[in-house]
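The values are calculated or read from the model by the stated rules, or taken from the named source; none is laboratory data. Keep in mind the model is a prediction, meaning the values are calculated, not measured. Cβ coordinates were reconstructed from backbone atoms using ideal geometry, including for glycine residues, and neighbour counts include every protein chain displayed. Areas reflect the complete protein model, heavy atoms only, side chains present, ligands, DNA and RNA absent. Shrake-Rupley method; radii C 1.70, N 1.55, O 1.52, S 1.80 Å.
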Amino acid sequence: MISTLQPPRSLSHFRSNPTLLLRYTSLKPLSSLSSQPVTHSTITDQSQSPNPPSHSQILSTRHSLLSRHLTATQLAESFLTRLRLTEPHLRSFLHVSDSVLAQAHELDDKIQRNEELGPLAGVLVAIKDNICTAEMPSTAGSRVLEGYTPPYDATAVRKIKELGGIVVGKTNLDEFGMGSTTEASAYQVTANPWDISRVPGGSSGGSAAAVSARQCMVSLGSDTGGSVRQPASFCGVVGLKPTYGRVSRFGLMAYASSLDVIGCFGTSVADAGILLHAISGHDRLDATSSKREVPDFSAQFVSMNLLESKPLKGLRIGLIRETLDDGVDTGVTSAVRTAALHLEELGCCVTEVSLPSFSLGLPAYYILASSESSSNLSRYDGVRYGNRVAADELNSQYMDSRAKGFGSEVKRRILTGTYALSAGYYDAYYKRAQQVRTVIQKSFKTALDEHDILISPAAPSAAYKIGEKKNDPLAMYAGDIMTVNVNLAGLPAMVLPCGFVEGGPAGLPVGLQMIGAAFDEGKLLKVAHIFEQTLQNCRFVPPLIADEVA
């Protein structure tokens, strides 16, 4: 059944818990805001102003380089020093490039010669280790690819390099992207910068932790069922999942090909948007990449002076009712409801919307993703791809190579997917899951016809303890309930921090998820940027580096 929209209900009567988000946030005086857009053609000019807009590390870096206030080498050394100090605690990286300083020196030479700089010049970018990088290991967090170095860059990585970005290293992940905590990596467990006894989320936990701890400026992750958005929420950073087809998947190691997308992490909405613009566009090497023109996302950003008193007046926001039901921590619910009130203060019309099919997404997702993974990972047999275990005959070689190369979670999903695709069960599981996917797509379309943006929590809880759910895969899977439906529908979504709950040495961040219509990332970025800029007393710098970062 296609979901129906319930009668709208005002949110103004919701009361927030005074021990939660309101003690961290308040609305900035709107007289301090600006309505001047930052367009692509004016990025250079904006970056040369004494106060680059949007709290953007990318624009600040460009300003520092062009003004000769800092050199690229100094910037790189600063981040590498912080990386060396924090990495023993976090273990975000599986590999750190040894050519960062050499690339920074080359950039300084270009500046001395007054050569034109790319928009990402000097920007230190971390890459999730399931995205191929030439001259750097790419293991997908799996022993089956241990020691593998691709002969080419993924399209997204190539675009970053062409625009002047410096790849600082490869970040940790759950093996082949299968997990929600980064504990399923074959190499190490990454910790959360807000509390090193807790998980950073997954599967892109290394990329999120690296950005949160300022080990790099921005990073790439992949999102199959929430693997960019949930870690962004846990680590207090911005995570952006684009529309399926917006970014080329060439060079992304396939998990579930109809769901996988490459996404972006940043410490600000502006940085995530600038990075998305850099990697977007059609690619002849990926038949699923869209030929739609990529809009100028930076045109959606406003600086901090003279914004209207209701900058989002008339915008229709739908708060998904099913995401605030039982099973969601009260602190998360309170933070999201307070964020909804904040949007009302900015001029939005916020109403609750019901998506009755929402709960169907989780079982459908795990059937479809596991089925696709069983097919995609069949290539790692020790003959065509992957490390080979010596054996006396071929079948033993196949079995031993896969048995020793894959971890327990990957094996579990391959077995589940193979079962769902097997004769006699295909119609009962895979075909039915595809039908549910169609229902969910129609459900979102109905809701987005009535609303500009939908909002929800990014996860049912804040970051939990390392090991807490490792031996209970069903509990871990249930944590993806907020995010998987968006992948099934192929829609864009982003998560940005909206408050805190109790826990850890300085509280734990909570992320607000914003969902838009297909290829409408620009609207998401505009709303998220204004939301972000109008939060006050809400400093999302983890205690691990709080004394160092101003």
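Points to keep in mind about this one:
- Average projected area [Cα convex hull, the chain], square nanometres: 24.1 nm²
- Restricting the trypsin sites (Lys or Arg not before Pro) of segment 335-430 to loop positions (DSSP other than H, G, I, E, B) with no more than 13 neighbouring Cβ atoms within 10 Å leaves R384.
- Positive-end residue of I317, C264, G331, charge dipole of segment 258-335 with Cβ unit charges: I317
- Under 5 Å from the amide H of A458 lie the amide H atoms of G511, Q513, each residue being 5 or more positions distant or on a separate chain, with H modelled from the backbone and absent for Pro and chain starts.
- Inter-site label distance for K313 and R539 at 7 Å from Cα along Cβ, in nm: 3.5 nm
- For E393 and K465, the FRET efficiency from 1/(1 + (r/R0)^6), where r spans their Cβ atoms and R0 equals 41 Å, is about 0.35.
- Approximating the spin labels as points 7 Å out from Cα along Cα→Cβ, the D109-to-E345 distance works out to 5.2 nm.
- Summarising the strand pairing of the chain, around 65 percent of its internal DSSP beta bridges are antiparallel.
- For segment 402-473, radius of gyration divided by Kirkwood radius, i.e. Rg to Rh on alpha-carbons: 1.11
- A straight chain from A506 to R68 at 0.36 nm per residue would run longer than the Cα-Cα distance by 154.0 nm.
- Only protein heavy atoms count here; on that basis, with a 1.4 Å probe, D400 has an accessible area of about 60 Å².
- Nonlocal amide H pairs with F500, under 5 Å, H built at 1.01 Å: L21, V510
- Mean-position separation - Cα centroids, segment 331-366 and segment 398-438, in angstrom: 32 Å
- Computed label-point distance, nm, for sites Y425 and L285 using a 7 Å Cα→Cβ extension: 3.6 nm
- 3J(HN,Hα) from dihedral phi, segment 187-204, Karplus parametrisation 6.51/-1.76/1.60, rounded to Hz, x for glycine, proline: 10, 6, 9, 8, 9, 7, x, 7, 6, 6, 8, 10, 6, x, x, x, 8, 8
- Surface share of carbon and sulfur [accessible, 1.4 angstrom probe, percent] for the chain: 52 percent
- Calculated accessible area for the chain comes out at 38 Å² per residue, all protein chains present (probe 1.4 Å; ligands, DNA, RNA ignored).
- Between segment 483-512 and segment 76-117, the alpha-carbon center distance in angstrom: 29 Å
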